[in-house]
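Participant: Please see the structure below; I have some questions.
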Amino acid sequence: MHRSEITIDLGALRRNARRLLAVLGGPELWAVVKADAYGHGAVQVAGAALGAGATALCVATVGEALALRQQYPGVRIVVLGPPGSSRDVAKARDAALELVIADGEVPDAIPVHLKLDTGMGRWGLDRLGEIPANVVGLMTHLATADSDLRFTEWQLERFRQATAPHPQLLRHAANSAAALRIPAARFDAARCGIALYGLSPFGEDPAEDGLEPVLHWTSHLAQVKLLPGGYSTGYGRRFVAGEPTWIGIVPVGYADGFRRNLTGTEVRVAGELRPVVGTVSMDAFAVELDRELPVGTPVTLVGHGVLLESHARVAGTITYELACGIELRPERVRKTVVHS
Ligand SMILES: *Cc1c(COP(=O)(O)O)cnc(C)c1O
């Protein structure tokens, strides 16, 4: 039996893409598949997103883009991060990629999107200046689309003013949060990552925005034991049974991406939500049971009603970080792709 199983539901991904397209109501959907599609597998996710109507792929590095170019020869691929070197630029040119330039010289003979810093205070130009002929798009990135509408409106107003003299160029500003809830941010295209994966950019239940989680993670009870009162489980004795307590050991730990600070979060054991107790180890964690259950009992870590958003809240982080951290190497996990 595998220690755990990850299922990627490309049917759900397609429905999320169609949902985003419906909400956008005209602007293009560009699928953000950087970091191996937030841990979901970039090549397959890209194919499903394009099949559902996305018209471009966005990645962080030239290397990520080259891996996709072989599979998707005619598709627009935009490298969001700065090219590291002139060799990167040459490779990008050869592979017909598009670059985002946020600083310094604009390379020639390759389509370029100029990135304006309208308030993110990170990558980006302070002003546009003269625009070379190979520039095809103008973009900006929003710092608070999930949390502060007034600041977002201020960023959008700066973007509108700076780009108004160039109506012939593509304009794009929205991430998932803005695509879903800020109509003024939509322009010609929206660059959506997290929502495609059925995760809420707002840390809420994704169903509120009509999204379905794409990743499901299951395992099983590998050992079940009765801790006598006063006995503990795990490093540091952080959980001590007050009275005799059944616990199950799940063969998944922080080396698999089930983070060490997930103590206290809930997973589904035999259909019921049960708390993770004690310190999460590298390769295992314990769950408190209310009765003896057989070894092999299924445990749902993510999906089927166990929200990654809930785990993120317990861990004090965001779903983006948890999803990117899930280990997909076949030595650790069995990965299956389904089309529901
Ligand atoms: C990652 C990224 C996005 C996608 O953000 P989501 O919140 O995942 O939709 C959009 N634009 C840029 C520039 C990014 O780096």
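The values are calculated or read from the model by the stated rules, or taken from the named source; none is laboratory data. Model, not experiment: these values are computed from the prediction. All Cβ positions, glycine included, derive from the backbone under ideal geometry; neighbour counts span all protein chains shown. Surface accessibility is based on the protein's heavy atoms, side chains included, excluding ligands, DNA and RNA. Shrake-Rupley method; radii C 1.70, N 1.55, O 1.52, S 1.80 Å.
Participant: Considering the range 310-340 alone, what residues qualify as being under 20 Å from ASP36 (Cα atoms) and charged (D, E, K, R)?
Facilitator: The first filter runs over the range 310-340 and keeps only residues under 20 Å from ASP36 (Cα atoms), leaving 312, 317-339.
Within the range 310-340, GLU321, GLU327, ARG329, GLU331, ARG332, ARG334, LYS335 qualify.
Participant: Kindly provide the set of residues from the range 1-43 that are more than 16 Å from the chain's Cα centre (by Cα), under 25 Å from PHE187 (Cβ atoms) and in a loop (DSSP other than H, G, I, E, B), ordered by number.
Facilitator: Selection gives GLY25, GLY26, PRO27.
Participant: Pairs under 8 Å by beta carbon, first residue among the hydroxyl-bearing types (Ser, Thr, Tyr) in the range 5-32, partner part of a strand (DSSP E or B) and within 16 Å of the ligand (Cβ to nearest atom), six or more apart or different chains?
Facilitator: If the second residue must be part of a strand (DSSP E or B) and within 16 Å of the ligand (Cβ to nearest atom), the pairs left are THR7/LEU215.
Participant: Within the range 12-46, how many residues turn out to be more than 16 Å from LEU180 (Cβ to Cβ) and open to solvent by 10 Å² or more (accessible area, probe 1.4 Å)?
Facilitator: 8
Participant: Give the residues of the range 50-63 that are in contact with a Lys or Arg (Cβ under 8 Å, 6 or more places away or on another chain) and under 17 Å from CYS192 (Cβ atoms), sorted by residue number. Break it down stepwise before answering.
Facilitator: Step one: filter the range 50-63 for residues in contact with a Lys or Arg (Cβ under 8 Å, 6 or more places away or on another chain), giving 51-53, 55-62.
Once the filter is applied, which keeps residues that are in contact with a Lys or Arg (Cβ under 8 Å, 6 or more places away or on another chain) and under 17 Å from CYS192 (Cβ atoms), the range 50-63 yields GLY51, ALA52, GLY53, THR55, ALA56, LEU57, CYS58, VAL59, ALA60.
Participant: Would you mind finding the one in ARG237, ARG181 that is more than 16 Å from the ligand (Cβ to nearest atom), surrounded by fewer than 19 Cβ atoms within 10 Å (Cβ to Cβ) and modelled with pLDDT of 95 or more?
Facilitator: After ruling out the rest, the residue left standing is ARG237.
Participant: Restricting attention to the range 14-24, does a residue exist that is over 14 Å from CYS192 (Cβ atoms) and away from the ligand (no atom under 12 Å from the Cβ)? Before the answer, list the steps.
Facilitator: Residues of the range 14-24 that are over 14 Å from CYS192 (Cβ atoms), as a first pass: none.
Checked the range 14-24: no residue is over 14 Å from CYS192 (Cβ atoms) and away from the ligand (no atom under 12 Å from the Cβ).
Participant: Is it the case that VAL276 is closer than 24 Å to VAL214 by Cβ, free of Cβ contacts under 8 Å to residues at least 24 places away in the same chain and in contact with a Leu (Cβ under 8 Å, 6 or more places away or on another chain)?
Facilitator: yes
Participant: Another question about this same structure. So in the range 55-66, with the set limited to residues that are in contact (Cβ under 8 Å) with a residue 60 or more places away in the chain and open to solvent by less than 10 Å² (accessible area, probe 1.4 Å), which one is farthest from the ligand (Cβ to nearest atom)?
Facilitator: ALA56
Participant: For residues in the range 156-174 being open to solvent by less than 40 Å² (accessible area, probe 1.4 Å) and touching a Leu at 6+ places or on another chain (Cβ under 6 Å), which is farthest from VAL314 (Cα to Cα)?
Facilitator: It comes out as LEU169.
Participant: Within the range 275-340, considering only strands (runs of 3 or more DSSP E) that don't extend past its boundaries, which have at least 1 residues that are open to solvent by 50 Å² or more (accessible area, probe 1.4 Å) and of a type in the set (Val, Ile, Thr)?
Facilitator: Output list reads 334-338.
Participant: Quick one: in the range 184-194, which of the residues that are outside any loop (DSSP other than H, G, I, E, B) and near the ligand (Cβ under 9 Å from one of its atoms) is farthest from GLU130 (Cα to Cα)? Explain how you work it out, then say what you get.
Facilitator: So the first thing to find is which residues in the range 184-194 are outside any loop (DSSP other than H, G, I, E, B), and the list is 184-185, 189-192, 194.
Subsequent filtering for residues that are near the ligand (Cβ under 9 Å from one of its atoms) retains 190-192, 194.
On the way: ALA190: 25, ARG191: 25, CYS192: 29, ILE194: 34 Å.
For the range 184-194, the residue satisfying everything is ILE194.
Participant: Checking GLY203 against (1) within 16 Å of the ligand (Cβ to nearest atom); (2) touching a residue at least 60 places away in the same chain (Cβ under 8 Å); (3) more than 27 Å from GLN44 (Cα to Cα), which test does it fail?
Facilitator: In the conditions (1) within 16 Å of the ligand (Cβ to nearest atom); (2) touching a residue at least 60 places away in the same chain (Cβ under 8 Å); (3) more than 27 Å from GLN44 (Cα to Cα), GLY203 misses (3) alone.
Participant: Another question, then. List the pairs whose first member sits in the range 164-182 and is within 15 Å of LEU199 (Cα to Cα), whose second member is within 8 Å of the ligand (Cβ to nearest atom) and β-branched (Val, Ile, Thr), and whose Cβ atoms are under 9 Å apart, counting only residues at least 6 apart or on separate chains?
Facilitator: What qualifies is ASN175/VAL32; ASN175/ILE194; SER176/VAL32; SER176/ILE194; ALA177/ILE194.
Participant: Something else: For the range 44-63, enumerate the residues that are part of a helix (DSSP H, G or I) and touching a strand residue (DSSP E or B) at 6+ places or on another chain (Cβ under 8 Å).
Facilitator: Hits for the range 44-63 are GLN44, VAL45, ALA46, ALA49, LEU50, VAL62.
Participant: Please state which one of PRO82, PRO73 is in contact with a Gly (Cβ under 9 Å, 6 or more places away or on another chain), open to solvent by 50 Å² or more (accessible area, probe 1.4 Å) and not charged (D, E, K, R).
Facilitator: PRO82
Participant: Looking at VAL295, VAL287, VAL306, VAL314, which one is at pLDDT 95 or above and touching a helix residue (DSSP H, G or I) at 6+ places or on another chain (Cβ under 7 Å)?
Facilitator: Result: VAL314 is the single residue among VAL295, VAL287, VAL306, VAL314 that is at pLDDT 95 or above and touching a helix residue (DSSP H, G or I) at 6+ places or on another chain (Cβ under 7 Å).
Participant: Please name all residue pairs, on different chains or six or more residues apart, with Cβ atoms under 6 Å, provided the first residue is in the range 36-48 and is within 13 Å of the ligand (Cβ to nearest atom) and the second residue is open to solvent by 30 Å² or more (accessible area, probe 1.4 Å) and among the hydrophobic types (A, V, I, L, M, F, W, C).
Facilitator: TYR38/CYS324; GLY39/CYS324
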